[in-house]
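**Student:** Would you mind keeping the following structure in view while I ask a few things?
Laboratory data are not the source of any read-out in this text; all were calculated from the coordinates shown. The model shown is predicted, which means the values in this text are computed figures rather than measured ones. Using ideal geometry, Cβ is built from the backbone for each residue, glycine included, and neighbour counts are taken over all protein chains shown.
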Amino acid sequence: MIKRIIELSIMVFLFYSCVTPAPINIKGRYFLENDDLGRYLGYQTNQPEISLVLVDHYVFAAGYNDNFIVAIQHPQKSSGESVDSNYYIVPFRNKFTYSPRDGIIGPLTFEAYKLKMEQLGIGQITWVKLK
């Protein structure tokens, strides 16, 4: 009986450790999703099975306002070593576009990001709560 409980516990653990979290909708067609490499900022096309990566792994923070999506990426070198954070400003498009990557500003340093935010008049950002 104890052996059965242990086997069942191991199976449940393995099942739940393989489950990928659901995508997090940011606004409109923009979302955050996890895959085997980490979290990225994506854009959903008109075909449900096709989405585009706008900011590659690892996006650890994202936010939005009426006109822009902001993503903060913490990439890794091929050796697995972390490097400085990159900041991206993505124009928000309310209607579908075939070119959602057009107009993306980045990667930026923190200083360049703050300056560009000021130049574009980007005010308050609503940050997405990540789990």
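**Student:** Within 10 Å of each candidate Cβ there may be at most 11 other Cβ atoms; applying that plus a DSSP loop requirement, which chymotrypsin sites (Phe, Trp or Tyr not before Pro) in the range 46-131 survive? List each step's numbers first, then the result.
**Tutor:** Details: sites: Tyr58, Phe60, Tyr64, Phe68, Tyr87, Tyr88, Phe92, Phe96, Tyr98, Phe110, Tyr113, Trp127; in loops: Tyr58, Phe92, Phe96, Tyr98.
Taking the range 46-131 and a limit of 11 other Cβ atoms within 10 Å, the loop chymotrypsin sites (Phe, Trp or Tyr not before Pro) found are Tyr98.
**Student:** Let me ask you something else. Subtracting the Cα-Cα distance from 0.36 nm times the residue separation, let me have the gained length for Asn46 to Lys95 in nm, one decimal. Numbers along the way, then the final one.
**Tutor:** Values: separation 49, 0.36 × 49 = 17.64 nm, distance 1.07 nm.
My answer for the length gained is 16.6 nm.
**Student:** Report the GluC sites (Glu not before Pro) located in the range 31-107 that are in a DSSP loop and have at most 13 other Cβ atoms inside 10 Å of their Cβ, or state none.
**Tutor:** Glu49, Glu81
**Student:** Testing the spin-label approximation: label points 7 Å from Cα along Cα→Cβ at Lys116 and Asn67. State their distance in nm.
**Tutor:** So the two model labels end up 1.5 nm from each other.
**Student:** Another question about this same structure. Taking a quarter of the surface of the convex hull around the Cα atoms of the range 22-127, what do you get in nm²?
**Tutor:** Values: hull surface 27.8 nm².
Answer in nm², one decimal: 7.0.
**Student:** Here is a further query. Say R0 is 25 Å: what FRET efficiency, to the nearest 0.05, do Asp36 and Asp84 get from their beta-carbon distance? Provide the component values of the computation, followed by the final result.
**Tutor:** Details: r = 24 Å, r/R0 = 0.95.
With R0 = 25 Å, the Cβ-Cβ based efficiency is 0.60.
**Student:** For the range 22-127, what is the relative contact order in percent, using Cα pairs closer than 8 Å and at least 6 residues apart in sequence? Spell out each step's value before the answer.
**Tutor:** Numbers: 194 pairs, mean separation 19.5, N = 106.
Reported relative contact order: 18 percent.
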